[in-house]
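Chemist: Have a look at this one.
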Amino acid sequence: MKDSARVSTEIKTISDNLLIVKEGALSLNLIAVVQFQTQDKKVVDLALIENLLKENIVVYIGQEKFVKEKEAISTPDTTRQSITQVVNPALVNKPLEPTIQKSEAESEEDGTITEDYNEINDVSLHLGLGLGLDYGGVGGRLTFIPGDAEKTSVGIFVAAGYALNGLGFNAGLNLRLGQQRLVPTISAMYGYNGVIKVIGASQYDKTYYGPSVAVGFENKTRNSDDNYIHLELVIPFRSASFQNDIKALQNNPGIDISAPSPVLVSIGYHFKI
């Protein structure tokens, strides 16, 4: 934790020169300011405020500032009395979520560089570029993960790209299983899953839509856990219209067309945005 860090958390107590918070413990020597965000008759533990002031920590209750008084150093009861006069005694003790921060003025005096402390982010967005049904053919895929991306989570994705006859798209769900470097995945999607392209006979060209499922894995890169290569085997459930049109073209002696593969490959490179 740097001198200029800003942390939002819930304070539990003070013990052995440590501020015990919800996530662990912080050294009191690194804390300059504690601000309690109080609303609707929430009140701060007076003993906790007294102990913070003893450590020369500035305390804010809402927008009201409290600092250690010189005469309170030798008389602890004076500190408690001065705090009691400010806090509404009618309020009931409730757990609060204070903000601990180092003031900008003190940061400049210490010669430190201010930088924000990033809280745990439970929402992530990834952009992938690749080849396959879940990239719209040759294109991009945007995946929104409404959960901890480092653990098992379900992602929602949309994809668009070039699919021989023009724009191809797909949208679906992607289930990520685990937090290891090689993460298994299961996907289900709906969108384009079949294309007929006849060179020199564009009247037969057509794009078909339907559901598809896929299994694969994400291989995280060495430089960052947020970037990965996604490889999948995709099984398209093609429509009866697609199957009938393929058979009709195969029976046409003037057209040479091969049977479509029942299993397709999808690969792309993804990075967090």
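Chemist: Return the residue satisfying two criteria in turn: it lies in segment 2-16 and is open to solvent by 60 Å² or more (accessible area, probe 1.4 Å) and touching a strand residue (DSSP E or B) at 6+ places or on another chain (Cβ under 7 Å), and of such residues it is modelled with the highest pLDDT.
Modeler: Applying the filter and picking the extreme gives 13.
Chemist: Out of (1) open to solvent by 70 Å² or more (accessible area, probe 1.4 Å); (2) part of a loop (DSSP other than H, G, I, E, B); (3) at pLDDT below 50, what's the single condition that is false for residue 112?
Modeler: That leaves (1) as the condition not met.
Chemist: Considering only segment 214-273, state which residues are under 19 Å from residue 173 (Cβ atoms) and among the hydroxyl-bearing types (Ser, Thr, Tyr).
Modeler: Matches in segment 214-273: 228, 266.
Chemist: With respect to residue 47, determine if the residue is modelled with pLDDT of 80 or more and either surrounded by fewer than 17 Cβ atoms within 10 Å (Cβ to Cβ) or in contact with an Asp or Glu (Cβ under 9 Å, 6 or more places away or on another chain) (or both).
Modeler: On the way: modelled with pLDDT of 80 or more: yes; either surrounded by fewer than 17 Cβ atoms within 10 Å (Cβ to Cβ) or in contact with an Asp or Glu (Cβ under 9 Å, 6 or more places away or on another chain) (or both): yes.
Yes, satisfied.
Okay, residues lined up against (1) in a loop (DSSP other than H, G, I, E, B); (2) crowded, with 17+ Cβ neighbours inside 10 Å; (3) under 21 Å from the mean Cα position of the chain (by Cα); (4) at pLDDT 95 or above:
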site: 119; (1), (2), (3), (4): yes, no, yes, no
site: 122; (1), (2), (3), (4): yes, no, yes, no
site: 125; (1), (2), (3), (4): no, no, yes, no
site: 131; (1), (2), (3), (4): no, no, no, yes
site: 140; (1), (2), (3), (4): no, no, yes, yes
site: 148; (1), (2), (3), (4): yes, no, yes, no
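Chemist: Something else now. Looking only at segment 182-207, filter to residues that are surrounded by 15 or more Cβ atoms within 10 Å (Cβ to Cβ) and closer than 20 Å to residue 227 by Cβ; which one of those is farthest from the chain's Cα centre (by Cα)?
Modeler: 187
Chemist: Can you tell which of 222, 238 is over 17 Å from residue 145 (Cβ atoms), basic (Lys, Arg), without any contact (Cβ under 8 Å) to a residue 60 or more places away in the chain and open to solvent by less than 90 Å² (accessible area, probe 1.4 Å)?
Modeler: Working: 222 fails: open to solvent by less than 90 Å² (accessible area, probe 1.4 Å).
Answer to the selection: 238.
Chemist: Now a separate question. When residues of segment 214-273 are filtered for being in a loop (DSSP other than H, G, I, E, B) and either small (Gly, Ala, Ser) or in contact with a Pro (Cβ under 9 Å, 6 or more places away or on another chain) (or both), how many remain?
Modeler: Taking segment 214-273 first, the residues in a loop (DSSP other than H, G, I, E, B) are 221-227, 237-239, 251-263, 273.
This time we only want the ones that are either small (Gly, Ala, Ser) or in contact with a Pro (Cβ under 9 Å, 6 or more places away or on another chain) (or both), so: 224, 237-239, 254, 258-263.
Qualifying residue count, segment 214-273: 11.
Chemist: Consider residue 229 against the criteria (1) open to solvent by less than 80 Å² (accessible area, probe 1.4 Å); (2) over 19 Å from the mean Cα position of the chain (by Cα); (3) closer than 30 Å to residue 272 by Cβ: it satisfies all of them except one. Which criterion is unmet?
Modeler: Against the list (1) open to solvent by less than 80 Å² (accessible area, probe 1.4 Å); (2) over 19 Å from the mean Cα position of the chain (by Cα); (3) closer than 30 Å to residue 272 by Cβ, residue 229 comes up short only on (2).
Chemist: Inspect segment 162-174 for any residue being more than 30 Å from residue 247 (Cα to Cα) and open to solvent by 20 Å² or more (accessible area, probe 1.4 Å) and give the result as yes or no. Write out each step before concluding.
Modeler: Initially, segment 162-174 is screened for residues more than 30 Å from residue 247 (Cα to Cα), giving 173-174.
After this cut, where a residue has to be open to solvent by 20 Å² or more (accessible area, probe 1.4 Å) as well, the list is 173.
The answer is yes; a qualifying residue exists.
Chemist: A further question follows. So residue 179 passes all but one of these: (1) assigned to a loop (DSSP other than H, G, I, E, B); (2) open to solvent by less than 70 Å² (accessible area, probe 1.4 Å). Which condition number does it fail?
Modeler: Residue 179 satisfies every listed condition except (2).
Chemist: Within segment 183-219, which residues are free of Cβ contacts under 8 Å to residues at least 12 places away in the same chain and on the phi > 0 side of the Ramachandran plot?
Modeler: Step one: list which residues in segment 183-219 are free of Cβ contacts under 8 Å to residues at least 12 places away in the same chain, which gives 199-200, 202-203.
Within segment 183-219, 200 is the sole residue that qualifies.
The values are calculated or read from the model by the stated rules, or taken from the named source; none is laboratory data. What you are looking at is a predicted structure, and each value in this text was computed from that prediction instead of being measured. Backbone-built Cβ (ideal geometry, glycine too); neighbour counts: all protein chains shown. Note: areas computed on protein heavy atoms with side chains; ligands, DNA, RNA excluded. Shrake-Rupley method; radii C 1.70, N 1.55, O 1.52, S 1.80 Å.
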